[in-house]
Amino acid sequence: MTIHILGHLLETCGVEWTKPRHENSTGSLGTAGNYCTMMRLVAGEFRIVLGRIVDDQSMRTNGDNHAKTEKTQDDNIMTNNNALEVLHTCRDCIRIGLLALKHMLDLASEKEEEDSSNDTRQPHTDSLDFNTDSILHIRQTLEDFLNSCIQFVLEETNQHTFVHWKNECAFECCRFIGAYLSQIDIFDYDVMEKERHEEDNYYYTHNTHESTQIDTVTILRAIKQCMEICFVWDDEQDKVSQSKAMTIFPCLLSILTCCNDSRHASLVTKYLFRSTTISSTIEKILNSIVESTNKTDPFSFSLDENINVISWCCFLITAIAEFQSTRQKQVTTKIMDKQNMASLLVRVSEQYFERIQQDGTADFGNILVMLLDAWKAVTTHVDDNVSNSCIMMNVYSFLHSKGLV
């Protein structure tokens, strides 16, 4: 309950209320001291909650393999009410962690604006004074969140019998991993040492719950697991949940953008492109948009609701195509069906183009530019499908007439 109230306060009131009333009560962290302390406590509570989940799963797994002869073992297994409480606490901790991440990004943006404008005034985000110590303190707390999330999703790979609510906790971890990693260069964590084998027990187990230093390989392994969690439908149908997939797309784009040498390309290929999982997920998303639109009246469907999803799909398609073309030595397997992807991009473009022609007030120029760029990225030669080429040429002519290309 305390964590939930704290999350609600931070979300609705910001962080100004955490400022000490008396200036002499501040330490090296300045007026942000209370805020830093609360964030560190939440990160600690989050680690404890995840540890409880892993312990509970271990007991259940052992109970399936061995007859339960001790009553204490039954008592230690979570009840439904306890499980629901843990899930809510996990969600609240992640919400607070994401709010802290957003606040630090806002501070960084304000600092950049001040530097560019030579403005010497104090940041106006709030009245807290985030000095160097407090910023480093929050950064360490956020990395503690990241470490806990990564350790949990990696631990989850050895626990294939997770029930639904535990999978929801794993998804909450994926949300933080995706948000945090989209803002950094994961290759800064590359320790340039021999890759650890996937069975090496160098991350925490349910017996120790100790924190360890993460590295690039560990992060990539965690992202691979996040893809397995987020790229599947809840009822195990061959579909994709757009909202879940979107939690991972930004960090995948960041990884591909920051991958600048052959070693890193080999690591990315090994852990993220062993199959066409990423591209097939994009195909499923685009195909679901096309199918859902075809079932509705041209003037009643809400193409604007899909713009954000399609934008990320286009960004990622372009990045994958560029990665595949520039890293041919490292990419030895097929990571994207370009022909099929090009066909889907044409179908989506056609729908937006038709909407513009039917409704002159519709403003889909920017999304058409993204679709056109993605189509050109996967179409290395003249499209064998003459009809598709004609559609995209019409789109290009329209965008050119509007000065958008």
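Order PHE176, PHE353 by their accessible area, 1.4 angstrom probe, all chains in place, largest first. Could the numbers behind the result be given before it?
Values: PHE176 0, PHE353 30 Å².
Accessible-area ranking of PHE176, PHE353, largest first: PHE353, PHE176.
With every protein chain left in place and a probe of 1.4 Å, what is the accessible surface of VAL378, to the nearest 10 Å²?
Here the residue's solvent-accessible area equals roughly 10 Å².
With θ taken as phi - 60° and the coefficients 6.51, -1.76 and 1.60, list the Karplus ³J(HN,Hα) couplings across the stretch 91-105 in order, rounded to whole Hz; mark glycine and proline as x.
Computed from phi, the couplings for the stretch 91-105 are 5, 5, 5, 5, 4, 5, x, 5, 5, 5, 4, 4, 5, 5, 5 Hz.
Can you sort HIS4, HIS137 by solvent-accessible area, 1.4 Å probe, largest first?
Working: HIS4 85, HIS137 40 Å².
The most accessible residue leads, giving HIS4, HIS137.
Quick one: accessible surface of ILE229, probe radius 1.4 Å, all protein chains present, in square angstrom to the nearest 10.
30 Å²
Could you put ILE278, ILE3 in order of accessible surface area, largest first, with the 1.4 Å probe and the full protein assembly present?
ILE3, ILE278
The values are calculated or read from the model by the stated rules, or taken from the named source; none is laboratory data. Owing to the predicted nature of the structure, the values given are computational and were not obtained by experimental measurement. All accessible areas refer to the heavy atoms of the entire protein, side chains included, with ligands and DNA or RNA removed. Shrake-Rupley method; radii C 1.70, N 1.55, O 1.52, S 1.80 Å.
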